[in-house]
1. What is the mean number of Cβ atoms from other protein chains located within 10 Å of the Cβ atom of each residue in peptide A:608-616, rounded to a whole number?
2. What's the carbon and sulfur percent of segment A:71-194's accessible surface, probe 1.4 angstrom, rounded to a whole number?
3. List the accessible area buried at the contact between A and B, summed over both sides and calculated with a 1.4 Å probe, in Å² to the nearest 100.
4. So which residues in segment A:570-591 end up with at least 20 square angstrom less accessible surface once the other protein chains are there, compared with the chain by itself, probe 1.4 angstrom?
5. Using only Cα atoms, find the angle between the long axis of helix A:114-125 and the longest principal axis of chain A, and express it within 0 to 90 degrees, rounded to the nearest 10.
6. Apply 1/(1 + (r/R0)^6) to the Cβ-Cβ distance of A:Ser426 and A:Asp364, taking R0 = 25 Å, and write down the FRET efficiency to the nearest 0.05.
7. Working from Cα positions, state the angle (0 to 90°, nearest 10) between the long axis of helix A:274-283 and the longest principal axis of chain A.
8. Calculate the spin-label point distance for A:Asp313 paired with B:Thr24, positioning each point 7 Å from the Cα along the beta-carbon direction, and give it in nanometres.
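The values are calculated or read from the model by the stated rules, or taken from the named source; none is laboratory data. These numbers were taken from a predicted model, which means no experiment stands behind them. With ideal geometry, Cβ positions are generated from the backbone for all residues, glycine too; neighbour counts draw on all protein chains shown. Heads up: the accessible areas ignore ligands, DNA and RNA and are worked out on the full protein's heavy atoms, side chains in. Shrake-Rupley method; radii C 1.70, N 1.55, O 1.52, S 1.80 Å.
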Amino acid sequence: MAPSSSPMPGRLLVLYASQTGNAIDAAERVVREAERGGCPAVDLLSMDSFNPSCLPGEGYVVFVVSTMGQGDPPDSMKEFWKYLRRKHLGARWLERLHYAVFGLGDSSYGNYNLPAKMLDKRLLDLGAEQIIPKGLGNDQHSLGYEGALDPWLMALWKSLNQIYPSLLPRISHAIHSSLNILGDAKVEVTYYSAPQDSTISDPKTLIERARSISPALKCHNEGEPQLMLQMVTNQCLTKGDSDKDVRHFELEDRCYPISYQVGDVLEILPSQNPSAVDDFIKRCKLDPECYIMIQEKSVDKLSKGSHMNSLVDPIKLKTFVALTMDVTSASPRRYFFEIMSHFATDENEKEKLQYFTSPEGRNDLYSYNQKENRTVLEVLEEFPSVHMPFEWLVQLTPPLKKRAFSISSSPLVHPNQIHLTVSVVSWRTPLKRTRHGLCSTWLAGLCPSEENIIPCWIQRGSLPPPRPSIPLVLIGPGTGCAPFRTFVEERAAQSVAEPTAPILFFFGCRNQDNDFLYKEFWLNHAQDQGVLSLEKGGGFFVAFSRDQPQKVYVQDKIKEQGARVLNMLCSEEAAIYVAGSSTKMPADVTVALKEVLCQHGGFPKKDVEGWLTKLKMGGRFIIETWS
Amino acid sequence: MKEAESFGDQLVAEISRVLKAGGTVLVQSFTASSDHKPNNYIERQLLMGGFVEVQSKSTGSHDGVQSVTIKSRKPSWSMGSSSPLKKAIKQALPETEIDDDGDELIDKDSLLTQDDLKKLQRPVVGGCEMGATKKARKACKNCSCGRAEAEQKVEKLGLTAEQIDNPVSACGSCGLGDAFRCGTCPYRGLAPFKLGQKVTLSNNFLSADI
């Protein structure tokens, strides 16, 4: 988790834990009202980007938490919540903190709003001061969670104002804020019709410049892309009628050597379809060729922001849109629709937008927007009378995000190349509209014989590079095999110079003939004393789920090879790594591992569970999944 | 052993059965000096049969015939014996929930009121955020109640050629876009269009062709 910056006096921190976006919407509203009330510093963070050990240093925190399933906290709250429950923290740990909790739940399910209730009690037990009692939003209420949020926010501002008046100098604005008053956009855009003397032409610099002035990317601090790669190989790994399309990509840097290590992840900034970008600009009646400068408006006119940006060169509007504003893949937030309603001149459109942003229309908005993966461009095309000023578009259009892929090559074997194993994503929405993954589709369309530029950053992944002497049990069905191709390649190279420990690898796919990714590669390493060979104490086992009437998965193979798995785990320092794109697979695999230990090893279940937990703590049992 | 191939699975399994845990088996093989394959085969058989610490040693050569002794051990981690794993598992921490840094955590239930505890429902079932994601219920794969048939009927109400070529709308909203269409509108899922003009079916397919 990223450490939070040191708290400024009078900062209000809003921490949210959202699953489907409702808690973010509610949290954003808290922030807007605080800003309207003149709060000098408000920060909005997801709970999983805030380090809980920094909590004692905060003065004022508002928590907005959703409920999942049977009273569980959302995924983004799990780590934070675990930390808060440590026994040793003590009754005075948060004695300097003033807080308030708002929960979102549904009383027709059991275990109503449990995360909010438990969080509120725990904070009290840790010595924090409650600004007002917890608010519990209920979907069963005729106005949804807003039914509870409206009065709760009112009470919050009033109480806060009494405790610390300078936190909300314009409290009347916060309390009487009405949805019908349109505030100001957060940024100022200055337009230049002709290129300035020093126009940036280097693509790396362009990317860095554009993304550093985007308000939606404010906390990202990416800097320039580390690498600008060229695709030299684009190979389809799947065959036949397989509705899966998995590619093997090889990327190279034409100018510089690439430095990376086993287990690393490549973050890629995808290109958007240029004609879609043009359509967006045309729809918004903007001039693609003009140059712009973006500055954050701040309450304090002497803030650093305005100084810094005046030294920065303007950038072409079209470039800014293409590099930072996601107009063809991400869906806009509810607040985007709210601002749209202010700028709709057609009565029907205005009415529909107001309905969508009302508590009654929230479910319909969810069906229309999130479930259909509506893009900003699509939404604007369905509400043609809406003409949102560019400042608002800049502020509210979802930012173009980087996509991360596990690297599937070893730098020992391919010192100047990075290989990727990418599934080209496509799906159908409830209304049967076909959607395509932006990045995977773009990469799949790149031609190695043409020049292309792929802006990338290298990050450490969660699977650490194992020392050659560590026996490995690897489980990676489908594209989960990508990081393990790296491990096997690397270990094979290392085994030339020194003795290496064996690897037991479980792979899974649908059909031997269709999607057996890297078949030759694995088989080669499983023969002739290779790192996956039985002779070396290793093994390679594949589950073809659809090649026979009954389903066979990696967990079934693990159980089948129980003796071998047990043997590996008994070796000193053995590690288990699991990777893949399914959310159920890791749980199924864990169950299979436990079964193997209990049945083949004869150990009692309780001991086995404790041992696996210990293994997790020691970094020897790691699960890396992606969606 | 004169012929390595006779060292088959059944023989290995039988040796394993009669041998005590921790016991050792010695296999002596006589082969032509240049031929290593039979020994590899025997080693592999032992490994697959669950034996550990397989070691080969050359024990003499006579008249061009190599004698090799292959030694291996039946693992000793059956119930009751202590192996490194068994020790590790015994020493593992008790079943209380532990944080990644090894700290013990408080019991969640202690944070709830009596009222909440009474209404508590277990077990945990993974699911979606409540409320907004009321998913449409679909027929099961082996549906016998007729729901599947009903769903099939709705699906088949696709667009006719006439509706594509010359779209008309009694309500006037069909051409407006999904935000304005009724739940049963046959044009749902399509981009907005003008009534009377032929409908394009490309569904806002924004692919990234560069």
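1. Neighbouring Cβ atoms belonging to other protein chains average 5 per residue here.
2. After summing per-atom areas, the C and S share lands at 52 percent.
3. Looking at A and B, the buried total is near 6500 Å².
4. Listed by number, the residues meeting the 20 Å² cut-off are A:Cys570.
5. Around 80 degrees separate the two axes.
6. Once the sixth-power term is evaluated, E becomes 0.45.
7. Approximately 10 degrees, to the nearest ten.
8. Result: 7.7 nm between the two label points.
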